[in-house]
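Single-structure report; data block below.
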Amino acid sequence: MLGGGVWAGYRWLTTSPRFAITAITIQGTHRVAADELRAALPIRIGDNVFEGLAPVARAVRANPWIAGASVHRILPHTIAIEVREHTAAAIALLGEPYLADDSGHPFKRAALETGEGDGLPIITGISRASYAANPEAAAATVRSAIAAAGRWRTAARPAIGEIHVDPHGAMTLHTYDPAIAIQLGAIATPQTPQTLYAGLDARMHTFDTAWAGLSDAERARTRAIHVDARLDHVTVAFAKD
């Protein structure tokens, strides 16, 4: 009899119109429209609020912009969804352009035609094959490049659009106008972000000193600046007259 009572109670909870869903709320969206997420859900208005929540969470997380999601019920009628979106920090050119977050991991193919990559540095030099072979090592390289872009912007310097990392880990920053290749060289794999920042800052300070010593005419003719040999030595390559 007890088992029958439990079953009857369960049947009532999962079929009673009293517990029909009247609202599906979504909070935390910025890049993704809430209605887009709702359309992908396995539940709809009118379904029972005691439907399983795990499939709902999986459906939300399937959107490439979603880094994390939690789902809970607010009885008697509401399913509440809270999401955390990825924040794009760079475009990683891995055969095709992908948006990467600050962890260095690509999370979606970049729709450049819609402006998804506007204002983001482009990281080149990492092949799709090398990423597939060792995703964590590739992500560490992307993180270092993102850190370089961030440290570069802490002072008044020419705007950069590309950070190239060669197979040996040497970084070259490419500016927009004038188009200059700033060769920072290989930065040793850091134990902490502070170690990486210190290495980058030291080389960028060397660049600042050299850049301050160039006249406007010399800056316009500059095509490459090497600060990768020694911190007290800079080589500047000028365009031929």
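No lab work stands behind these numbers, since they all come straight from the coordinates. These numbers come from a predicted model, not from an experiment. Heads up, the Cβs are rebuilt from the backbone with ideal geometry, glycines too, and the neighbour counts pull from every protein chain shown.
Worth pointing out:
- Counting only DSSP H runs of at least 4 residues, each contributing -39500 (n - 2.57), and dividing by the residue count of the chain, the helix-based mean residue ellipticity at 222 nm comes to -10000 deg cm²/dmol.
- Between helix 135-152 and the chain: long-axis angle, C-alpha atoms, 0 to 90°, nearest 10: 60
- Beta bridge orientation in the chain: antiparallel %, DSSP, nearest 5: 70
- Seen against the Cα atoms of the chain and their longest principal axis, helix 193-212 is set at about 40 degrees.
- Overall Cα dimensions of the chain, principal axis frame, Å, largest first: 94, 33, 30
- With respect to the chain, whose longest principal axis is taken over its alpha-carbon atoms, helix 2-15 is tilted by about 60°.
- Once the chain from SER70 to ALA159 is taken as fully extended at 0.36 nm per residue, the excess over their C-alpha distance is 28.1 nm.
- If you take the Cα centroid of segment 119-140 and the Cα centroid of segment 222-241, the two points sit 27 Å apart.
- Our summary gives segment 21-60 a relative contact order of 47 percent, counting only alpha carbon pairs under 8 angstrom and 6 or more residues apart.
- Per-peptide average of other Cβ atoms within 10 Å, ordering 147-155, 212-220, 48-56 highest first: 147-155, 48-56, 212-220
- Cα centroid separation, segment 161-212 to segment 14-49 (Å): 48
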